[in-house]
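Worksheet for the structure shown next.
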């Protein structure tokens, strides 16, 4: 038996505070076939974030220049800042047979779904808006007015969950991770990505 695989483009979205980062970090650690696409953003770094690892932090002018050069697979304005996924690194990785993970907001995710319909889309849900508020406040990284804006945006984002292929409720992080891992494992075996050759 010989095997060949095509890279998977995994799109993960969900409201700010839903726990996307925790889940995709665990998946990246456990599954060496994935590479994480580092997004560009015009917002400043939060404590502990590293430029080029968590995000590429750029000015509004630099971001606009990249848009003009068609440098993004998707981009959007979210919570008052711009975010974008660089185009070429994603395509290069997929062509080399590596899987790519995107952590992007629903605006950007819908753009990717339209441009690359073969992608796997997963929406991470909080168990309640009350819990979402608790998580946002517990991070201690946003001012109260920013938290209120993120909560307002969260309602609109949750309303878009039906556009995704898979939904995962992050009530218990271990259970949510197992569900996400099950989705990835199943998608790896789809005939559009998995090409076993049965020997004579």
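Read the figures in this text as sums done on the coordinates, not as results from a lab. The model shown is predicted, which means the values in this text are computed figures rather than measured ones. Here Cβ is always computed from backbone atoms with ideal geometry, including for glycine, and neighbour counts include all displayed protein chains.
Given segment 9-188 reduced to its alpha-carbon atoms as identical point scatterers, what log10 I(q)/I(0) does the Debye formula return at q = 0.14 Å⁻¹?
Calculated log10 I(q)/I(0) at the listed q: -0.76.
At a threshold of 8 angstrom on Cα-Cα distance, excluding pairs fewer than six apart, so keeping six or more, what relative contact order does segment 63-188 reach in percent?
22
Take peptides 171-177, 4-10 and line them up by average Cβ neighbours within 10 Å, highest first, as a rough protection proxy.
Listed from highest to lowest mean packing, they are 4-10, 171-177.
Over all distinct alpha-carbon pairs, what is the Kirkwood Rh of segment 1-70 in angstrom?
14.8
Could you list 119, 56, 192 in order of exposure, starting from the residue whose Cβ has the fewest other Cβ atoms within 10 Å?
192, 56, 119
For segment 116-200, what is Rg from Cα atoms divided by 2.2 N^0.38 Å, rounded to two decimals?
Against the empirical 2.2 N^0.38 Å value, I get 1.48 for segment 116-200.
On a C-alpha basis, how far is the centre of segment 162-177 from the centre of segment 1-54 in Å? Whole number, if you could?
16
Within 10 Å, count the other beta carbons around each residue, average over each peptide in 38-46, 14-22, and list them highest first.
Most protected by this proxy first, the peptides run 14-22, 38-46.
What does the convex hull of the Cα atoms of segment 50-99 come to per residue, in Å³, rounded to a whole number?
92
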